[in-house]
Amino acid sequence: MKVRNLEGASIEELVQEYEQAAVAYGQALAAANSRAANRAHDRIADAYRELRRRAAAAHLLPLLKSEDETVRSCAAAHALEFAPAQGEPVLREFASRQGRHRTPAEYALKAWREGTLEFP
């Protein structure tokens, strides 16, 4: 979905775009493809901004139960802004175990607790 189409997208389409972009982001990171990862990250941020603009960010909460770890990780980090009681446990779980989501989860939690976490 192109950025210019986000304003005309339904909330369900925005959530789907967010989820698909997060999957692409995880795949790009696993392949060490920084260009693709950056493009996917931009798509995640664009979808999140549009959901937030519509006061519909809470529609991302079901993604906290996704089977895809990158989807869960992204949704949990964004949830710190609007539903921290639901996002924080997911990030704590990632921070407590080995894997590529550990360090980002630790840093997101640290910045959030310090009040320095910035959202797109």
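Results, tabulated for the structure shown:
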{"quantity": "Counted residues, the stretch 36-48 - those being touching a helix residue (DSSP H, G or I) at 6+ places or on another chain (Cβ under 8 Å) and surrounded by 16 or more Cβ atoms within 10 Å (Cβ to Cβ)", "calculated": "8"}
{"quantity": "Residue check, Y25 at pLDDT 95 or above, closer than 16 Å to G87 by Cβ and surrounded by 18 or more Cβ atoms within 10 Å (Cβ to Cβ)", "calculated": "no"}
{"quantity": "One residue from A85, A55 being more than 13 Å from the chain's Cα centre (by Cα) and in a helix (DSSP H, G or I)", "calculated": "A85"}
{"quantity": "Residue match in the stretch 101-114 (condition: under 24 Å from I11 (Cα atoms), surrounded by 12 or more Cβ atoms within 10 Å (Cβ to Cβ) and either at pLDDT below 95 or in contact with a Leu (Cβ under 6 Å, 6 or more places away or on another chain) (or both))", "calculated": "no"}
{"quantity": "Identity of the residue in the stretch 58-69, among the acidic types (D, E) and not in a helix (DSSP H, G or I), that ends up surrounded by the most Cβ atoms within 10 Å (Cβ to Cβ)", "calculated": "D68"}
{"quantity": "Residues being within 18 Å of H101 (Cα to Cα), touching an Asp or Glu at 6+ places or on another chain (Cβ under 8 Å) and not in a helix (DSSP H, G or I) - total across the stretch 1-52", "calculated": "0"}
{"quantity": "Failed condition for R72, given (1) surrounded by fewer than 16 Cβ atoms within 10 Å (Cβ to Cβ); (2) over 15 Å from E17 (Cβ atoms)", "calculated": "(1)"}
{"quantity": "Residue in the stretch 30-39 that is within 16 Å of L117 (Cβ to Cβ), out of contact with any His (no Cβ under 9 Å at 6 or more places or on another chain) and in contact (Cβ under 8 Å) with a residue 12 or more places away in the chain present", "calculated": "no"}
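The values are calculated or read from the model by the stated rules, or taken from the named source; none is laboratory data. Everything numeric here is computed off the predicted structure, so don't read it as measured data. For neighbour counting, all protein chains shown are included, and Cβ atoms are generated from backbone atoms with ideal geometry for every residue, glycine included.
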